[in-house]
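Below you'll find the structure, written out as structure tokens, and then a few comments.
The values are calculated or read from the model by the stated rules, or taken from the named source; none is laboratory data. On a predicted model such as this, the values are computed, not experimentally measured, just so you know. We place every Cβ from the backbone using ideal geometry, glycine too, and count neighbours over all the protein chains shown.
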Amino acid sequence: MGRNTMSMKRALQLILAVSLVGVAFSGTLTYKELVLRDCGLCTAFNKSGTMFGLPVCVYGLVMYLLVALIAGWGLRSRR
């Protein structure tokens with residue numbers, strides 16, 4: 001295993017770790033917003049932050065999930 005491969009693996013591990021923290025945070029906000037209908041952190045000036053009818057934290061959750069999946073796929077790759 002070369003030095004470049006080790007640095008790429010370390011970068012993917014860091015990206016995976018950060019994206020999993022993002023999944024946990026945005027997942028919590030999404031749960032509070034969609035299930036509990038009570039999320040003070042998702043609102044701006046007492047108006048719900050929405051885009052295309054969904055709270056913006058939902059899009060954050062999807063984005064972090066995609067990043068985590070891609071980083072995990074990169075770590076599983078043998079090349």
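Worth a mention:
- Taken together, Leu66, Leu36, Leu41, Leu12 contain a single residue that is loosely packed, with under 14 Cβ neighbours inside 10 Å and at pLDDT 85 or above, which is Leu66.
- In region 44-54, the residue that is modelled with the highest pLDDT out of those that are exposed (fewer than 12 other Cβ atoms within 10 Å of the Cβ), among the hydrophobic types (A, V, I, L, M, F, W, C) and on the phi < 0 side of the Ramachandran plot is Met51.
- Residue-level check: of (1) assigned to a helix (DSSP H, G or I); (2) surrounded by 14 or more Cβ atoms within 10 Å (Cβ to Cβ); (3) modelled with pLDDT under 95, Tyr31 misses just (2).
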